[in-house]
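**Student:** I'd like to ask some things about the structure below.
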Amino acid sequence: ASPFQRAILSAVPLARRLRIPVCVEPGLAEFLCKDTRTKVPGFFSSEVSVSPWVDIHYKPFWPKLKLETWSEMRQRVAVTASHLIKQCQELGGDLIICSHRYSHSQSV
């Protein structure tokens, strides 16, 4: 799930149903526009979980976020998604991504 609380909380009912943990992956975060923000927002941390279904031992692929351009965000999401897909294929599992706000093309 994206590190935004609303994405994590959206993933929890499915995690509970499937009895699998939610892994919080910063690389799936929505656009952090450097033209409209002054800093990266505070996200979930291992010290303060928003749900007991969050895997606090998960090691993120993309651990550090920064304010970015649209192009940088698209690259971040694409690289992260490709990594997660490859990892999932190697492990023979399924991948469910939960995020908010479409991040593949610029909205008008």
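The values are calculated or read from the model by the stated rules, or taken from the named source; none is laboratory data. Since we're looking at a predicted model, the values are computed, not measured. Cβ sites come from the backbone with ideal geometry, for glycine too, and all protein chains shown count toward neighbours. Heads up: the accessible areas ignore ligands, DNA and RNA and are worked out on the full protein's heavy atoms, side chains in. Shrake-Rupley method; radii C 1.70, N 1.55, O 1.52, S 1.80 Å.
**Student:** What is the residue count in the range 33-92 for residues that are under 15 Å from PHE4 (Cβ atoms) and polar (S, T, N, Q)?
**Tutor:** Residues that pass the stated criteria total 4.
**Student:** Any chance the range 1-15 includes a residue that's free of Cβ contacts under 8 Å to residues at least 60 places away in the same chain, open to solvent by 50 Å² or more (accessible area, probe 1.4 Å) and among the charged types (D, E, K, R)?
**Tutor:** Checking the range 1-15: not a single residue is free of Cβ contacts under 8 Å to residues at least 60 places away in the same chain, open to solvent by 50 Å² or more (accessible area, probe 1.4 Å) and among the charged types (D, E, K, R).
Condition check ((1) of a type in the set (Phe, Trp, Tyr); (2) open to solvent by less than 80 Å² (accessible area, probe 1.4 Å); (3) at pLDDT 95 or above) across all residues:
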site	(1), (2), (3)
PRO41	no, yes, no
PHE44	yes, yes, no
VAL50	no, yes, no
TRP53	yes, yes, no
TYR58	yes, yes, no
ARG74	no, no, no
THR80	no, yes, yes
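**Student:** Sticking with this structure for a sec: Consider the range 82-98. How many of its residues are modelled with pLDDT under 90 and under 12 Å from the mean Cα position of the chain (by Cα)?
**Tutor:** The total comes to 0.
**Student:** While we're looking at this one, here's another question. Would it be correct to say that ARG101 is open to solvent by 100 Å² or more (accessible area, probe 1.4 Å), within 15 Å of ALA1 (Cα to Cα) and not in a helix (DSSP H, G or I)? Let's see the steps before the verdict.
**Tutor:** Values: open to solvent by 100 Å² or more (accessible area, probe 1.4 Å): yes; within 15 Å of ALA1 (Cα to Cα): yes; not in a helix (DSSP H, G or I): yes.
Here the answer is yes, as ARG101 does meet what is asked.
Quick grid of which residues meet (1) polar (S, T, N, Q); (2) under 23 Å from ARG37 (Cβ atoms); (3) in contact with a helix residue (DSSP H, G or I) (Cβ under 7 Å, 6 or more places away or on another chain):
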site: ARG74; (1), (2), (3): no, yes, no
site: GLN89; (1), (2), (3): yes, no, no
site: GLY92; (1), (2), (3): no, no, no
site: ILE96; (1), (2), (3): no, no, yes
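**Student:** Another one. Quick one: GLN89 ticks every box in (1) open to solvent by less than 80 Å² (accessible area, probe 1.4 Å); (2) not in a loop (DSSP other than H, G, I, E, B) except a single one, so which number is it?
**Tutor:** Only one criterion in (1) open to solvent by less than 80 Å² (accessible area, probe 1.4 Å); (2) not in a loop (DSSP other than H, G, I, E, B) is unmet by GLN89, namely (1).
**Student:** If I filter the range 22-31 for residues that are open to solvent by less than 50 Å² (accessible area, probe 1.4 Å), touching a residue at least 60 places away in the same chain (Cβ under 8 Å) and among the charged types (D, E, K, R), do I get at least one hit?
**Tutor:** Yes - at least one qualifying residue is present in the range 22-31.
**Student:** Considering only residues that are of a type outside the set (D, E, K, R) and part of a helix (DSSP H, G or I), look in the range 58-72 and name the one that is farthest from LYS39 (Cα to Cα). Steps first, answer last, please.
**Tutor:** To start, the set of residues in the range 58-72 that are of a type outside the set (D, E, K, R) comprises 58, 60-63, 65, 67, 69-71.
The next check asks that each one be part of a helix (DSSP H, G or I); those that pass are 70-71.
Numbers: TRP70: 16, SER71: 18 Å.
My answer is SER71.
**Student:** Suppose the filter is out of contact with any Gly (no Cβ under 7 Å at 6 or more places or on another chain) and at pLDDT 95 or above; does GLU30 pass it? Steps first, please.
**Tutor:** Values: out of contact with any Gly (no Cβ under 7 Å at 6 or more places or on another chain): yes; at pLDDT 95 or above: no.
No; evaluated as a whole, the condition is false for this residue.
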